[in-house]
Amino acid sequence: MFDIFWITGVIGLVLIISGLLAKTRRHQSFIYIFGGLLLEAYSIYIGDIVFIVLQGVFTIVAFYEFYQYSKKKER
């Protein structure tokens, strides 16, 4: 049947896809972060080094974008 990591991967992918529909850039980055973390967990579970690295980079970039946007809004 389905295991928890497979479901985690599916939810992560759905979150990243739904991030494209987000109304604000900050909200989009926030959704990307959570989707990226879930897909990172799935990538680690399946043990594919390419996906682990790429998903890690994606999540770090989403964190950076969220931080930059939040910093810009404070000004």
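Rule-based calculations on the coordinates, nothing more; no lab input. Please read these numbers as outputs of a predicted model, since none were measured by experiment. Note that each Cβ is placed from the backbone with ideal geometry, even for glycine, and that neighbours are counted across all protein chains shown.
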Task: Search result, residues across region 23-75 that are part of a loop (DSSP other than H, G, I, E, B) and of a type in the set (Lys, Arg) - done: Lys23, Arg75
TODO: Would you please list the contacts, defined by Cβ atoms under 8 Å and residues six or more apart or on different chains, that run from a residue in region 13-31 that is surrounded by 15 or more Cβ atoms within 10 Å (Cβ to Cβ) to a residue that is among the acidic types (Asp, Glu)?
DONE: Ser29/Glu65
